[in-house]
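Right, one structure below, let's go through it.
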Amino acid sequence: MNKFTNIRNFKQLTVEISKEAKLPTKFGNFKIVAFKELPANKEHSAIFTENFNKLEAPLVRIHSECLTGDTFGSLKCDCGDQLNYALKRIAEVGGILLYLRQEGRGIGLVNKINAYYLQDQGFNTIEANHQLGFEADLRNYDIANFILKYFEVDKITLLTNNPKKLSTLNEVIIVARESIIVGENIYNSDYLKVKQKDMGHLF
Ligand SMILES: [Zn+2]
């Protein structure tokens, strides 16, 4: 505990919230705030433009961490390109990007890499998760609702192709959806087809 310690409870969640600090980026000027889920110590963050609360329905992107795509430039998925596109778009029009620590659709990095190994053997992304005993998508959006509540926004424009995200955000009214079409390449076109056909993603 120190003089900055700020802990809030919301439904089942206990979350420590940082101060908001400036974060200039190559996409534009943002501010950042971090959220630590207790007791798991899972650290999420949100990066936002300062004008978002002057907008009728600020643009919101909910991004789940993907180390390989976001940081290493992996071409196996479209996460890195989606993240860059979202930051660029939010810098342009104003809004908030939530960066959630739920690697590998919630199964964690070790399991995700094991799933990649199975994909090397010919399984698709959903089959590989099933082989490891997981559902296709274990992500949970309670923390996203917590963060949106923290920002006190009531209407948003959601930047997403994922219909599941539209129905899990119950703390806000989604007045519009903007889709993201970026990052298709020869390594991920099968993966994107599975997302579209078997997981109901809209493009
Ligand atoms: Zn990814």
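The values are calculated or read from the model by the stated rules, or taken from the named source; none is laboratory data. Since we're looking at a predicted model, the values are computed, not measured. So basically every Cβ, Gly included, is an ideal-geometry build from the backbone, and we count neighbours across all protein chains shown. SASA here: full protein model, heavy atoms, side chains in, ligands and nucleic acids out. Shrake-Rupley method; radii C 1.70, N 1.55, O 1.52, S 1.80 Å.
Quick notes on this structure:
- Across the range 135-174, Cα-Cα pairs farther apart than 14 Å form 46% of the total.
- Sorted on the mean count of surrounding Cβ atoms within 10 Å across their residues, most packed first, peptides 54-66, 5-17, 23-35 read 54-66, 23-35, 5-17.
- Rolling a 1.4 Å probe over the heavy atoms of the protein chains gives the chain an accessible area of 53 Å² per residue.
- Per residue, the chain reaches -8500 deg cm²/dmol at 222 nm when only DSSP H runs of four or more residues are counted, each adding -39500 (n - 2.57).
- Using C-alpha pairs under 8 Å with a sequence gap of at least 6, the mean separation divided by the residue count of the chain gives a relative contact order of 18 percent.
- Cα-based Rg and Dmax for the range 14-98, where Dmax is the largest Cα-Cα distance (Å): 13.5, 38
- Counting only DSSP beta bridges whose two residues both lie in the chain, roughly 65 percent are antiparallel.
- Note on residue 116 and residue 20: their simple-model spin labels are 3.6 nm apart, each label 7 Å out from Cα toward Cβ.
- Whole-percent carbon and sulfur share, accessible surface of the chain, 1.4 Å: 50 percent
- A simple rule links phi to the HN-Hα coupling: the Karplus curve 6.51 cos²θ - 1.76 cosθ + 1.60 with θ = phi - 60°, which for the range 172-178 gives 9, 9, 8, 8, 7, 10, 10 Hz, with x for Gly and Pro.
- Directionally averaged shadow of the chain, computed from the convex hull of its alpha-carbon atoms, nm²: 11.8 nm²
- Kyte-Doolittle at least -1.0, axis length at least 20 Å by Cα - qualifying DSSP helices, the chain: 79-93
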